[in-house]
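What follows is a short report on a single structure.
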Amino acid sequence: MSLTMYECSIPVFLRYLDNLAALLAKGISYAKDKEIEEAVLVNSRLYPKMLPLSRQVQIACDAAKGAEARLSGIEIPKHEDLETTFEELLARIGKTKIFLKSIK
């Protein structure tokens, strides 16, 4: 049995976006527990040359929607890169998932 391109890609992207959202939820909880401003974590880098967490999430969403749009031959939805909070990043993930689920 061979898998379709849809079966090989959409479920994978949805799963990784769910995992990313779960990590952000842990970040929200950690910030509250440790009384750390969310902005500190959202703008954190694991390594000096690395992009901040907010940009990493934006790139992950862009990669998922871009790949699927190109595979489907449809226009890539544009999302402004303005997210500065965990909630905004989670909303970005949500918008990306809605787009992926709309592809047949």
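The values are calculated or read from the model by the stated rules, or taken from the named source; none is laboratory data. Computed from a predicted structure; not experimentally measured. Neighbour counts run over all protein chains shown; Cβ positions are idealised from the backbone, glycine included. Quick note on the areas: whole protein, heavy atoms, side chains included, nothing else; ligands and nucleic acids left out. Shrake-Rupley method; radii C 1.70, N 1.55, O 1.52, S 1.80 Å.
Couple of notes before you dig in:
- If only residues of the stretch 85-104 that are closer than 23 Å to residue 37 by Cβ and hydrophobic (A, V, I, L, M, F, W, C) are counted, the one that is surrounded by the most Cβ atoms within 10 Å (Cβ to Cβ) is 89.
- Counting only helices (runs of 4 or more DSSP H) that sit completely within the chain, those holding 2 or more residues that are under 12 Å from the mean Cα position of the chain (by Cα) correspond to 5-34, 53-72, 86-102.
- Residue ID - nearest to residue 85 (Cα to Cα), chosen from residues in the stretch 28-41 that are out of contact with any Gly (no Cβ under 8 Å at 6 or more places or on another chain), among the hydrophobic types (A, V, I, L, M, F, W, C) and open to solvent by less than 80 Å² (accessible area, probe 1.4 Å): 39
- Failed item, numbered, when residue 82 is tested on (1) more than 23 Å from residue 96 (Cα to Cα); (2) among the hydrophobic types (A, V, I, L, M, F, W, C); (3) surrounded by fewer than 11 Cβ atoms within 10 Å (Cβ to Cβ): (1)
- Test set (1) in contact (Cβ under 8 Å) with a residue 12 or more places away in the chain; (2) surrounded by 13 or more Cβ atoms within 10 Å (Cβ to Cβ) - residue 25 fails condition number: (2)
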